[in-house]
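The values are calculated or read from the model by the stated rules, or taken from the named source; none is laboratory data. This structure is a prediction, so every number in the text was calculated from the model and none was measured. Neighbour counts are summed over all protein chains in view; Cβ atoms, including those assigned to glycine, are modelled from backbone coordinates with ideal geometry. All accessible areas refer to the heavy atoms of the entire protein, side chains included, with ligands and DNA or RNA removed. Shrake-Rupley method; radii C 1.70, N 1.55, O 1.52, S 1.80 Å.
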Amino acid sequence: DFMNNRKYYRDRFANYPDVVTLPQFREMLGGISDKAARKLMHENRVKHYYIQTTFYIPKEWVIDYILSTHYAEYRLKLRVQI
């Protein structure tokens with residue numbers, strides 16, 4: 001159930017700030033590489049703000065991405081999984 005999944009990830013990521021940086025985002029996705037994270041940003045797979053050379057991603061947008069069909073397929077290719 002979608003809302004239960006959202007609640008699960010809200011609970012799981014409760015210790016993260018409401019808006020995370022790229023290193024925090026990478027950590028939230030199980031430690032994906034900097035290159036992989038930047039590729040997701042550049043392909044606009046993950047909604048984000050880019051302000052003065054820094055990516056900012058609202059935590060809800062990270063959860064949106066984790067619950068997306070792209071991530072469902074992408075995670076199968078990853079060595080690390082959450």
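Points to keep in mind about this one:
- The stretch 34-82: number of residues that are under 23 Å from residue 11 (Cα atoms), assigned to a helix (DSSP H, G or I) and not aromatic (Phe, Trp, Tyr): 11
- Enumeration of residues in the stretch 11-33 that are part of a loop (DSSP other than H, G, I, E, B), more than 15 Å from residue 74 (Cα to Cα) and open to solvent by less than 20 Å² (accessible area, probe 1.4 Å): 13
- Within the stretch 34-66, being out of contact with any strand residue (DSSP E or B) (no Cβ under 9 Å at 6 or more places or on another chain), loosely packed, with under 12 Cβ neighbours inside 10 Å and more than 27 Å from residue 7 (Cβ to Cβ) holds for 34, 35, 42, 43, 51, 52, 53.
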